[in-house]
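Q: Dumping the structure here so I can ask a few things about it.
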Amino acid sequence: MSSILKYFRRPRKATGRDKEGHEQEQGGDAISEMQYSCIKDRCAQICFPVPFQEPSNAMPQAKATSTRISRSNFVKSTMDSIFPNTHFTDHESVPPLAEAFSNFIAIYPQYGETQQADEIRNSEYYHLARHVCFDYYGFSLFSHAQMHSALASSSTNPLVSGLLQPPFFNVSYKSASLKSQVQPNDQDSVLESAIRTRIMHFLNILDGEYSMVYTANRTTAFRLLAESYPFQETKGLLSVYDYESEAMIAMEESAQRKGAKVMSASFSWPSFRIHSGRLMEKLRMRRRKKRGLFVFPLQSRITGARYPYLWMTMAKEHGWQVVLDACCLAPKDLDTLGLSLIQPDFIICSFFKVFGENPSGFAGLLVKNSSIESLESSMIARSIGIVSLVPARKLSQLTDDYSGTDSDTHSFRHQFEEADVENSSSFSGPIPGQVYSSSLSNNMIREGASAEKQKQVMISEQGESSKAQHEKEETSDGIEEIESEHSMPAEKTASNGGANKSLEVLCRGLDHADSLGLLLISTRLRCITNWLVTALMKLQHPHSESGHSLVRIYGPRVKFDRAPALAFNVFDWKGDKIEPALVQKLADRSNISLSCGFLNNIWFSKEYEAEKDKVLERRDNERIVVNRRKENSDMGINVINVSLNFLTNFEDAYRLWIFIAKFLDADFVEKERWRYIALNQKMIEV
């Protein structure tokens, strides 16, 4: 109950401010007394196990007071204890790692209780010591050590039938409608069935509640759902995103083409909280029994703002069907949903193979069984991107399948890609099979591709060999389409002798998240994220008459319940913003992978109207197709984005802080620009 009521405040006259004039945590958009009472009654019936600040009349006074005190103490200790009374004006004055970590542990002793995550990282993801990854989101299937142990164990075994065993697999496009794929059938291969079973368990979804299909990536999942939904019946599409989402744009385009009314929530400046009154009006404005789709992400993967679960219930009660975008959630966050109480009609999630190395994978579109009848067959949807999971093949027959999990933010490598934006990913590590125009990155990419294919060719299939019944190879968008005994329905495989009938795919990436659990992961990310926010705010330009801060953070700052994501920009000593793409490129050269995003749907109240023209800027039209929804859709804020994972440790955050501190040197960017030119000239001469 507290996780919901916190966001719905009674009307008030004043707003708390911090030293910079921004709303503090007690701020929010006012709603009417009647709305507040209505929401309060619903909260009494649906309560979630996530602690949030509670109104004094919502729970017993002692418990409410204790909750507020613990939250207040957390925020106060963070802001007062991290480098107290100190601002760093020189990158050489920042404390060394050991001293910073000692201070960190003194403030957050609970971080020491998350040592299990460090042990998993050291043993299973040791490659992360070389590169800091802040550009992943979604769920990792396998671990780095698992992939390499499979390589080592298979090096002494010959390939069988030219097929490789999980954790190696490819995706194969197929022509089918969404509705036909979610109907009960026995067309899953043993491999698909095994991975689907593991995913459903990880998502805390009981058998029989949802049906799941694989799609090429997140964007295709959104587009597929839109093309399969009857928007032409004058239904609406209402979304809740404070940033420009490529996947949401794809859904909007399909819905608009069918005649749907497209709407989005507004977010108050500068807190980036949902404007509750405006969203409530849009939920109620369409006077129809079935109003359309309400797309809800629970939290912003750019700013880290969290949204109350109650919005899903409110949408359902007003006739909307709910789409939960679970791609941005941290591992085990779905354990807080209580799907038996609030069951979204559709859930979209994204999976990649290995965190920090291999971004290829797929997206999962889950349809609640009782909502299947609301879908329709569509010829367009048959060509959008439903895929099958098939065994990987040996090197001579492999094609690159790195369409994988797409992103709404843009990595450093996107600056050089000639491939379709939709099929590209924001990630760290080697990228096989892509074409780049930059001579600086060609050698690195070519080496990554060679290494990846050498790994795959050495992986063998374990178990009893069997003759393939049928093989069909077809190149489609760089994906190889394969049919073999391993991609046959389970019952057909059983009839041929029962080979691999009960295949179990070991997903150590998911297993590690399960072993850590929600409490440990939340504690770990809370400590690191809030330390990083505070540390960045301690960087200030020297000799600045107006006291220009180096970094400006958008959305929540130090906050107990913020999501593990951060949106910020870097400014020079004159107060001019340094382009996020440039910061991103320089970070990549320091082995730190960041993303960029575009904040939009920002609402300015009268008291902040003067800041509007200073803050908003026009979107970079080269990155994402123009959103036709409204004339001012190009206006927003380009930002740098950091996404933290349960494998992120304190040293990762410290390395980012040290890198950002280099911009305190007024000549840093110019030095790096000349160094970049010199490196390019040297490479051309070679």
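Q: Looking at the stretch 207-252, which of its residues are within 30 Å of R508 (Cα to Cα) and without any contact (Cβ under 8 Å) to a residue 40 or more places away in the chain?
A: Answer for the stretch 207-252, where residues must be within 30 Å of R508 (Cα to Cα) and without any contact (Cβ under 8 Å) to a residue 40 or more places away in the chain: just D207.
Q: Quick one: S370 ticks every box in (1) closer than 22 Å to V213 by Cβ; (2) crowded, with 20+ Cβ neighbours inside 10 Å bar one, so which box is it?
A: Going through the list (1) closer than 22 Å to V213 by Cβ; (2) crowded, with 20+ Cβ neighbours inside 10 Å, S370 breaks only (2).
Q: Sort out which residues of the stretch 573-621 are part of a strand (DSSP E or B) and touching a residue at least 24 places away in the same chain (Cβ under 8 Å), and write them in order of number.
A: Across the stretch 573-621, the qualifying residues are I578, I592, S593, S595, C596, G597, F598, L599, I602, W603.
Q: Considering only the stretch 230-275, state which residues are among the small types (G, A, S) and out of contact with any Ser or Thr (no Cβ under 9 Å at 6 or more places or on another chain).
A: Selection gives G236, S254, A255, S266, S271.
Residues checked against (1) surrounded by 11 or more Cβ atoms within 10 Å (Cβ to Cβ); (2) among the aliphatic types (A, V, I, L, M):
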position	(1), (2)
I82	yes, yes
N85	no, no
P95	yes, no
Y108	yes, no
Y111	yes, no
Q115	yes, no
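Q: Continuing with this model, one more query. Tell me which of these I624 doesn't satisfy, since it passes every other one: (1) part of a helix (DSSP H, G or I); (2) modelled with pLDDT under 95; (3) among the aliphatic types (A, V, I, L, M); (4) surrounded by 14 or more Cβ atoms within 10 Å (Cβ to Cβ).
A: (1)
Q: I've got another one for you. With the structure loaded, tell me whether K559 is assigned to a loop (DSSP other than H, G, I, E, B) and either within 19 Å of the chain's Cα centre (by Cα) or more than 15 Å from M79 (Cβ to Cβ) (or both) or whether it fails that test.
A: Criteria not met by K559.
Q: Working only within the stretch 117-128, note down all residues that are without any contact (Cβ under 8 Å) to a residue 60 or more places away in the chain and either surrounded by 14 or more Cβ atoms within 10 Å (Cβ to Cβ) or not small (G, A, S) (or both).
A: Within the stretch 117-128, E119, N122, Y126 qualify.
Q: Turning to a different aspect of this structure: Just checking: which of the helices (runs of 4 or more DSSP H) contained wholly in the stretch 94-197 hold 1 or more residues that are assigned by TED's automatic domain parsing to the domain that holds I640 and at pLDDT 95 or above?
A: Those helices (runs of 4 or more DSSP H) span 97-107, 115-124.
Q: Only one of these is within 17 Å of the chain's Cα centre (by Cα) and modelled with pLDDT of 95 or more: Y241, Y214. Name it.
A: Y241
Q: In the stretch 347-381, which residues are closer than 16 Å to V182 by Cβ and touching a Cys at 6+ places or on another chain (Cβ under 9 Å)?
A: I348, C349, A363, G364, L365, L366
Q: Could you list, in sequence order, all residues of the stretch 344-396 that are in contact with a helix residue (DSSP H, G or I) (Cβ under 7 Å, 6 or more places away or on another chain) and either assigned by TED's automatic domain parsing to the domain that holds L647 or of a type in the set (G, A, S) (or both)?
A: Residues satisfying the conditions are S350, G356, A363, G364, S377, S378, A381, G385, S388, A392.
The values are calculated or read from the model by the stated rules, or taken from the named source; none is laboratory data. Note that this is a predicted model, so its numbers are computed, not measured. Because the Cβ atoms are built from the backbone with ideal geometry, glycine has one as well, and the counts that use them run over all protein chains shown.
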